[in-house]
Each structure stands twice: as C-alpha cells, then as structure tokens.
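The values are calculated or read from the model by the stated rules, or taken from the named source; none is laboratory data. Keep in mind that this is a model prediction, so the values were computed, not measured. Note: ideal-geometry Cβ built from the backbone for every residue, glycine included; neighbour counts use all protein chains shown.
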Amino acid sequence: MMEIKLVKNILDANDRLAEDNKKAFEAAGTTVINMIGSPGSGKTSLILRTIEKLKDKCGIQVIEGDIASSIDAQTIAGKGIDALQINTEGECHLDANMIRQAVRSFELKPGLLFIENVGNLVCPAEFEIGEDFKVTVLSVPEGHDKPYKYPLVFSKSTAVVLTKCDLMPYIDFEMDTFISGIRSLNPNCRLFVVSSKTGEGIDEWASWLEGLRRR
Ligand SMILES: Nc1nc2c(ncn2[C@@H]2O[C@H](COP(=O)(O)OP(=O)(O)OP(=O)(O)O)[C@@H](O)[C@H]2O)c(=O)[nH]1
Ligand SMILES: [Mg+2]
Ligand SMILES: [Zn+2]
C-alpha cells in the first residue's frame, strides 16, 4: 500500500509544477503541444513538416526530450527555429520539473511550442508538463491494435496523428479497427492521417494547429 501512495504523491507534486508551467505559457501567449509516441514513430519528421507549413504564419518553438544526444534539437535548429534539447539521462518521459527548468533558459514567444516527449507510448501519458494539448503520434508499421494495448495515451490526447501512411500498401493496417479503438476511448479525438515523406495530410493537420493558437 505504501508504494501506491508514494506514486500518487509523486504525480501530485508533478501536477502542481505543471500548473505553474501552464501559467507561464499562458502569460507568454504560447500554445503548447506535447507530442507523444514510440521511438521512431515520426515525431521529429512531423514537426519538421509542420515548421515548413507554418513558420511564416506563426511563431514556432520546439523543445526536444531525449534520453541522450541533441540530434533532434540540432535538426530543428538547422531550420532556423528556436530549439532546446532536454536530456533526461535515463528517464523515459519528460516531467513538469524538467520543463520548468528548461523554459528558464528559453524566451517563450507567442505562437506554438512543440514539446517532443521521449520516444515512449507509456509513461509520458502519465506526467502532465503544463501542455495545452497532448497529441499521440503513431506510425502505420506499429499496427492498428495500439489504442487497445496502450489506452491511456489515446484517451488523453486531443488528436492522434497516424504517420507513415505512404507505407499503408505494405502493411496490413486495419483502419476501421484503429478508428474504433480510438473512438471507444475518446469519442471527440481528432484523427489526422499523414505522411511526412510525401506531405499527404499535412495541410489539414497544420490548419488545425493554427486554430489552436492563443495569439
Ligand atoms: N516512409 C516514411 N518514413 C517516415 C515518415 N516519417 C518519418 N519517417 C522515417 O522514420 C524514421 C524515424 O523518424 P523520426 O521523425 O526521427 O521519428 P521520432 O519519432 O522523432 O524518433 P525518436 O525521436 O527517436 O523517438 C526516420 O527514418 C524517418 O525518415 C513517413 O511519413 N513515411
Ligand atoms: Mg525525434
Ligand atoms: Zn517514464
């Protein structure tokens, strides 16, 4: 029983810090999107495509969360976008304290802030970081059964982006099963089917994001 209480306390403490982060984001006019998905699901590629579409229309900043390396932040910075890398050094998710420390060395700007979480479909869903929206990024090769096996992240996401749809001809991906799985957990969830390789579906996704901005 003690262990259960301890976990709850950790999550409560995290939620309080997340509320502080949220106030800082609101004050700066920053809309924050927490991008959650497995390693290699296409999170960075999607952010890069989104930058191409939106960088002349609104402010964009990116925080990259990885266990190690600054590969993703360097790629984003190479496009002329403010990018900050957090290395969790073993932790498999970002938490509110990491974000709080990161934004101290980062001038928040009005517009969109993408936070790419550590590649993991499980515990990033449990840790609030002060975001406005969670988005699940799942790729076609991961399979249509994932909403059934990893329900928490799908149930907490405002949108799901199904990436790598260019690979659909090579994978037995049952779209109806996938959609039913999401709908049963989260009836109002938006679904975008995209390919960062061909650009398919990116316009629709980018227009939805534009509508989320505070200013
Ligand atoms: N065919 C295809 N490949 C893609 C697509 N999106 C990403 N990829 C490839 O998938 C691999 C992983 O993409 P990333 O964008 O780095 O994935 P990620 O989720 O950021 O990975 P981590 O940060 O390591 O968790 C790369 O080789 C990409 O080129 C897509 O839409 N279609
Ligand atoms: Mg990445
Ligand atoms: Zn974790």
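Between MET98, MET2, MET35, which is at pLDDT below 95 and of a type outside the set (Gly, Ala, Ser)? None of the others qualify; the one that does is MET2.
Scanning segment 2-52 for residues that are under 17 Å from PHE192 (Cβ atoms), in a helix (DSSP H, G or I) and in contact with a helix residue (DSSP H, G or I) (Cβ under 9 Å, 6 or more places away or on another chain) gives LYS43, THR44, LEU46, ILE47, LEU48, ARG49, THR50, ILE51, GLU52. Screening VAL32 with (1) within 16 Å of ligand 3 (Cβ to nearest atom); (2) in contact with a strand residue (DSSP E or B) (Cβ under 8 Å, 6 or more places away or on another chain) gives one miss only, at (1).
Residues that are surrounded by 21 or more Cβ atoms within 10 Å (Cβ to Cβ), under 10 Å from the mean Cα position of the chain (by Cα) and more than 14 Å from ligand 1 (Cβ to nearest atom) within segment 126-158 comprise GLU131, LYS134, SER157, listed in sequence order. Set side by side, the residues ILE86, ILE81, ILE76, ILE67 differ, and just one is surrounded by 14 or more Cβ atoms within 10 Å (Cβ to Cβ), closer than 22 Å to ARG214 by Cα and modelled with pLDDT of 95 or more, which is ILE81. Determine if segment 146-154 includes at least one residue that is closer than 29 Å to GLY90 by Cβ and touching a residue at least 60 places away in the same chain (Cβ under 8 Å). Checking segment 146-154: at least one residue is closer than 29 Å to GLY90 by Cβ and touching a residue at least 60 places away in the same chain (Cβ under 8 Å).
With a cut-off of at least 2 residues that are within 16 Å of ligand 3 (Cβ to nearest atom), name the strands (runs of 3 or more DSSP E) lying wholly within segment 55-168.
Details: elements: 60-66, 82-87, 111-116, 133-139, 159-163.
Those strands (runs of 3 or more DSSP E) span 60-66, 82-87, 111-116, 133-139.
Taken over segment 182-208, the criterion of being under 15 Å from VAL140 (Cβ atoms) and assigned to a loop (DSSP other than H, G, I, E, B) is satisfied by VAL194, SER195, SER196, LYS197, THR198, GLU200, GLY201. Here SER105 passes the criteria (1) at pLDDT below 95; (2) more than 25 Å from LEU11 (Cα to Cα) except the one numbered (2).
Of all residues in segment 150-159, at least one satisfies being under 22 Å from PRO187 (Cα atoms) and charged (D, E, K, R).
Would you mind stating whether PHE178 is aromatic (Phe, Trp, Tyr) and assigned to a strand (DSSP E or B)? The answer is no for PHE178.
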